[in-house]
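Below you'll find the structure, written out as structure tokens, and then a few comments.
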Amino acid sequence: VAGWIVGRFIIPRIRTFNVTSGYEILELRLGKGSRLLATLFFISLRFLWMSTIVFATIRVALLPVLGLTEAWTPLLCAGIILFTVFFTTIGGLRAVVATDALQSVIMFLGALVTLGVIIFSIGDVPSTLKDPSLYSGWTDWVWAPKRGVRMTVCNIFLMNLCWQICTAGSDQMAIQRYLSVKDAASAARSYRV
């Protein structure tokens with residue numbers, strides 16, 4: 001549903017502006033101050049987000065796998081950050097798109113390997129899944145919105161729909177991707193993928 005709404009309404013509207021970023025749209029509509037503030041917020045968020053990802057990846061995954069001490073953390077963080085900046089600067093948008101595609105493949109393969117490990121660990125999957133004790137802590141699904149019930153299927157659907165639409169129409173990284181392809185149909189197709 002979000003793919004249809006974003007592809008049908010938001011992407012074509014964004015592409016009607018003669019801009020290269022979402023910040024220019026803000027400046028056209030709300031002035032230079034809004035553009036600068038949004039730029040500051042975006043850069044701050046991305047720096048904090050990416051530094052947390054790099055730090056956590058090194059501390060939780062890389063150090064234990066390589067058998068290194070915590071003293072290596074700053075050096076490895078700096079190395080990964082410099083490599084990423086260099087790679088992106090040299091390769092431009094093409095490098096960013098190639099990296100996104102590679103990350104998607106790695107994440108899907110990781111999910112499949114994880115599923116395989118779980119299935120292998122369980123052993124006899126059909127009989128294990130039929131064991132009623134596995135579901136003893138589960139509650140019945142509530143489908144319709146219900147007062148006082150935070151998680152219903154309808155609430156989850158609406159929350160996710162709103163989140164997808166708001167992110168697709170306001171996130172600079174998303175907007176830049178819509179503007180980097182030849183037409184709105186290609187941008188909508190890339191969003192759905």
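Structure data summary
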| quantity | calculated |
| --- | --- |
| Residue among 143, 138, 72 that is open to solvent by 100 Å² or more (accessible area, probe 1.4 Å) and not in a loop (DSSP other than H, G, I, E, B) | 72 |
| Residues of the range 146-180 satisfying the condition of being open to solvent by 50 Å² or more (accessible area, probe 1.4 Å) and among the aliphatic types (A, V, I, L, M) | 151, 156, 158, 159, 173 |
| Count of the range 27-49 residues which are charged (D, E, K, R) and surrounded by 11 or more Cβ atoms within 10 Å (Cβ to Cβ) | 3 |
| Subset of the range 156-173 (residues that are assigned to a helix (DSSP H, G or I) and modelled with pLDDT under 90) | 170, 172, 173 |
| Check on residue 94, in a helix (DSSP H, G or I), open to solvent by 80 Å² or more (accessible area, probe 1.4 Å) and touching a residue at least 60 places away in the same chain (Cβ under 8 Å) | no |
| Any hit, the range 48-68, residues being modelled with pLDDT of 90 or more, more than 29 Å from residue 191 (Cβ to Cβ) and of a type in the set (Lys, Arg) | yes |
| Hey, residue 125 surrounded by 11 or more Cβ atoms within 10 Å (Cβ to Cβ) and touching a Phe, Trp or Tyr at 6+ places or on another chain (Cβ under 7 Å) or not | no |
| Selection from the range 6-26 of residues that are open to solvent by 40 Å² or more (accessible area, probe 1.4 Å) and part of a helix (DSSP H, G or I) | 8, 9, 12, 13, 15, 16, 24, 26 |
| Condition met for residue 63 (in a helix (DSSP H, G or I), surrounded by 10 or more Cβ atoms within 10 Å (Cβ to Cβ) and within 23 Å of the chain's Cα centre (by Cα)) | no |
| Filter result for residue 52 (under 30 Å from residue 175 (Cα atoms), exposed (fewer than 11 other Cβ atoms within 10 Å of the Cβ) and more than 15 Å from the chain's Cα centre (by Cα)) | no |
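The values are calculated or read from the model by the stated rules, or taken from the named source; none is laboratory data. Given the structure is predicted, the values throughout are model-derived calculations rather than measurements. Cβ atoms come from the backbone with ideal geometry, glycine included; neighbour counts cover every protein chain shown. Remember, those area values only see protein heavy atoms, side chains included, never the ligands or the DNA or RNA. Shrake-Rupley method; radii C 1.70, N 1.55, O 1.52, S 1.80 Å.
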